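The values are calculated or read from the model by the stated rules, or taken from the named source; none is laboratory data. All figures in this text were calculated on a predicted structure; none of them were measured in a lab. Here Cβ is always computed from backbone atoms with ideal geometry, including for glycine, and neighbour counts include all displayed protein chains. These area figures cover heavy atoms from the full protein model, side chains too; ligands, DNA and RNA do not enter into them. Shrake-Rupley method; radii C 1.70, N 1.55, O 1.52, S 1.80 Å.
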Amino acid sequence: MEQSKQVYAVTDRLVIRQFGLQDTEAFYRYRANPTVARFQSWENYTYEDAESFVGEQIHHTPDQPGTWFQFAIALADSDRLIGDCALHTRLDEPRIVEIGFTLAPEHQGKGYIHEALGAILHYIFRILGKHKATAFTDVRNEKSIRVLERMGMRREGHLLQNYMSKGKWVDEYQYAVLQSEWSSQKRAAPF
Ligand SMILES: CC(C)(COP(=O)(O)OP(=O)(O)OC[C@H]1O[C@@H](n2cnc3c(N)ncnc32)[C@H](O)[C@@H]1OP(=O)(O)O)[C@@H](O)C(=O)NCCC(=O)NCCS
């Protein structure tokens, strides 16, 4: 029987919720896609990797200092998994979090991550009361850069050879938005 999953936010088209075991196949399919993995740390992602990841995530709750929590992004009408957003709460400074995000290729180009991140940043600042949200992206990842800038995040730094990806050191941009900046941006409520 399917477990009941905690829902963190609902938008016009999406549900941001806890992962469930039935998400494993969809999660595996996009993680194993080389286009999706191009600017990410993983490579040759296996079904066993996905089973183990989802199996752990279903027991996690967001905002535990020193840990990553993965929000499942699902279509509101079918509850089908289309992507995810990771939330890292820093151990040394839990008022600052880091986010990362992925969409299955067939669901890109429709504004879903923009919609999901609007709701997740609302959750981060309004529900969790965080001070600052950061994100790191490979400088070659143009789609990710567009998303971050569209969300009103500022480029705070260009970090040289900051990340080992597929056997090579890569440069990253650090993006961030403060709670005060988020609050002053004129935006419609995400849900
Ligand atoms: C990064 C990633 C999530 C971006 O996906 P995306 O589909 O480009 O992002 P969005 O869902 O916000 O969609 C934006 C695009 O949809 C278009 N769009 C279509 N309908 C839209 C709508 N209703 N609302 C907003 N945008 C819409 C936008 O014009 C935009 O296209 P553009 O980037 O060509 O200008 C995706 O490329 C990905 O998963 N990459 C692999 C993982 C990765 O590298 N993650 C980043 C790690 S930090």
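Quick look at the values:
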{"read-out": "Any pair with Cβ under 9 angstrom, 6 or more apart, that starts in segment 114-133 at a residue that is among the acidic types (Asp, Glu) and ends at one that is away from the ligand (no atom under 12 Å from the Cβ)", "value": "115/190"}
{"read-out": "Check on residue 23, out of contact with any Leu (no Cβ under 6 Å at 6 or more places or on another chain), of a type outside the set (Gly, Ala, Ser) and either over 23 Å from residue 163 (Cα atoms) or in contact (Cβ under 8 Å) with a residue 40 or more places away in the chain (or both)", "value": "no"}
{"read-out": "Any hit, segment 67-80, residues being of a type outside the set (Phe, Trp, Tyr) and at positive phi", "value": "yes"}
{"read-out": "Single condition residue 4 does not satisfy, out of (1) open to solvent by 60 Å² or more (accessible area, probe 1.4 Å); (2) modelled with pLDDT of 95 or more", "value": "(2)"}
{"read-out": "Exclusive hit being in contact with a strand residue (DSSP E or B) (Cβ under 7 Å, 6 or more places away or on another chain), more than 25 Å from residue 145 (Cβ to Cβ) and open to solvent by 30 Å² or more (accessible area, probe 1.4 Å), set 23, 49, 92, 79", "value": "79"}
{"read-out": "Residue within segment 122-132 that is over 17 Å from residue 66 (Cβ atoms) and out of contact with any strand residue (DSSP E or B) (no Cβ under 9 Å at 6 or more places or on another chain) present", "value": "yes"}
{"read-out": "Residues of segment 34-46 that turn out to be surrounded by 15 or more Cβ atoms within 10 Å (Cβ to Cβ), of a type outside the set (A, V, I, L, M, F, W, C) and within 17 Å of the chain's Cα centre (by Cα), as a count", "value": "1"}
{"read-out": "Test for residue 77: is it under 25 Å from residue 11 (Cβ atoms), within 16 Å of the ligand (Cβ to nearest atom), part of a loop (DSSP other than H, G, I, E, B) and among the charged types (D, E, K, R)", "value": "yes"}
{"read-out": "Some residue of segment 110-118 being open to solvent by 70 Å² or more (accessible area, probe 1.4 Å), within 12 Å of the chain's Cα centre (by Cα), closer than 27 Å to residue 61 by Cα and not aliphatic (A, V, I, L, M)", "value": "yes"}
{"read-out": "For residue 140: the one exception among (1) away from the ligand (no atom under 13 Å from the Cβ); (2) open to solvent by 80 Å² or more (accessible area, probe 1.4 Å); (3) touching a residue at least 60 places away in the same chain (Cβ under 8 Å)", "value": "(1)"}
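Each row is one residue, and each column tells you yes or no for (1) over 16 Å from residue 72 (Cα atoms); (2) open to solvent by 30 Å² or more (accessible area, probe 1.4 Å).
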| residue | (1), (2) |
| --- | --- |
| 102 | no, no |
| 108 | no, yes |
| 124 | no, no |
| 135 | yes, no |
| 150 | yes, yes |
| 159 | yes, yes |
